[in-house]
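See below for the structure under consideration.
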Amino acid sequence: MQKRAIVIVLDSAGIGAMPDAAAFGDGADVNTIGNIRRVRGRLELPNLYRLGLANIEGSGLPDAVAHPAGAFGRCAERTHAKDTTCGHWEMAGLPLDEPFRTYPDGFPAELMRRFEQAIGRGTLGNCVASGTEIIQRLGDEHVRTGSPIVYTSADSVFQIAAHEQVIPLEELYRICETARAMLTGEYLVGRVIARPFIGGSGAYTRTENRRDYAMPPFSDTILDALDRAGLPVVGIGKIEDIFCHRGVTVVDHTRNNPAGIAATQRFLESGEGAFIFANLVDFDMLYGHRRDIDGYAAALTEFDRWLGTFLPTLGEDDVVMITADHGCDPSYTATTDHTREYVPLLVLGKGVKPGNLGTKATFADIAATVTDLLGVHWDGAGTSFAGEIL
């Protein structure tokens, strides 16, 4: 059986503030996993603890084990950002020297005028907001006027919310494509996100028909390198959206954690894919941004429970890396945005040597290691730690 590398991204599961967190408006004590444990007093993650999660420097977890079964450490983000696109691109070997633009005061009036002319509708909002809050606040006016709700966050996003019975999904997706074409150059934004919702006054709820429209990567990532080498890349969750389908040969666009977990298991058992790249979105979308500590804890426990059944199914040459793309500390109530954090790095497999990997200088070390493990040339960013784990 061919060698395989599997990277599972627990979307937003950061593990402690980076030294520059204050530059992003975040406190020095932000720590997504550590603060969930602190607030709850207990976090049932026996498999992650056994692999070394609580042994990671600065984790804030009092559950360290004497002899971790996996290789453990943390990664710093080199890109001056804390968003999904930058995190995943860097993880795939493409850190950015200049991050995408953010709009803490909303989008420029001239841009919004051009956008409204292009879609033939007015808009509502144009502010920084929580997605769940803004649809309650502006949902009735949206239903009455048919004007989509536009909002952003501390991340580089242009989010468009619309009721599925007011603006049908396909029209909402076309509106997002129009925005994507406009948000380049001086207005460069990392992602346009369709945020459909349903329900009635005072009880609007978002649906799972979200769609992300990212910028194509500015240069090659390891997905391109693997594809050129003839190695199939499986993208699970929103991976193909983040990379605009570049280098992703097999797609399963799962919309929640259970489906993403099931897809990862299915591809592992089928033997399909030399590189499996999975994003589990619920941690961020349902629990981090909504500052739902108990929900986040339950999702982590659910993942950990699956991990216990997943580990015995690994092949002899399979190497799995569990990590994150940024933080979103649900205990941090100053904002509902992402938090600037280190991300955990847990490496497991039957041939993996347990040990402390320390702090990696960039997420791109994951990229360099994946290509090294799979025997594919990569001269981009990152330093392989394959020699430390095999």
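Listing for the model above:
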item: Whichever residue in the stretch 361-382 is within 22 Å of the chain's Cα centre (by Cα), open to solvent by 20 Å² or more (accessible area, probe 1.4 Å) and not aliphatic (A, V, I, L, M) and, among such residues, is nearest to residue 221 (Cα to Cα); result: 380
item: Residue match in the stretch 85-99 (condition: open to solvent by 10 Å² or more (accessible area, probe 1.4 Å), more than 19 Å from the chain's Cα centre (by Cα) and either of a type in the set (Ser, Thr, Tyr) or under 27 Å from residue 235 (Cα atoms) (or both)); result: yes
item: Qualifying residues in the stretch 84-106 (those that are touching a Leu at 6+ places or on another chain (Cβ under 8 Å) and in a loop (DSSP other than H, G, I, E, B)) - the one farthest from residue 382 (Cα to Cα); result: 101
item: Checking residue 68 against (1) open to solvent by 10 Å² or more (accessible area, probe 1.4 Å); (2) part of a helix (DSSP H, G or I), the condition it does not meet; result: (2)
item: Tabulated pairs, the stretch 316-344, first open to solvent by 10 Å² or more (accessible area, probe 1.4 Å), second part of a loop (DSSP other than H, G, I, E, B) and among the basic types (Lys, Arg), C-beta under 7 angstrom, 6+ apart or interchain; result: 316/350; 317/3; 333/291; 336/291
item: Subset of the stretch 358-387 (residues that are among the β-branched types (Val, Ile, Thr) and closer than 14 Å to residue 91 by Cα); result: 362, 366, 369, 370, 371, 383
item: Residue, nearest to residue 45 (Cα to Cα), within the stretch 294-309, restricted to residues that are surrounded by fewer than 18 Cβ atoms within 10 Å (Cβ to Cβ) and not acidic (Asp, Glu); result: 301
item: Enumerated strands (runs of 3 or more DSSP E) restricted to the stretch 107-174, each holding at least 3 residues that are open to solvent by less than 50 Å² (accessible area, probe 1.4 Å) and free of Cβ contacts under 8 Å to residues at least 40 places away in the same chain; result: 124-128, 157-163
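Residue by residue, here is whether (1) open to solvent by less than 40 Å² (accessible area, probe 1.4 Å); (2) under 27 Å from residue 153 (Cβ atoms); (3) part of a loop (DSSP other than H, G, I, E, B) holds:
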position	(1), (2), (3)
15	yes, yes, yes
23	no, yes, no
33	yes, yes, no
64	no, no, yes
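The values are calculated or read from the model by the stated rules, or taken from the named source; none is laboratory data. Everything numeric in this text was worked out from a predicted model, so none of it was measured. We place every Cβ from the backbone using ideal geometry, glycine too, and count neighbours over all the protein chains shown. To get the accessible areas, we keep the full protein, side chains included, count just its heavy atoms, and leave off ligands, DNA and RNA. Shrake-Rupley method; radii C 1.70, N 1.55, O 1.52, S 1.80 Å.
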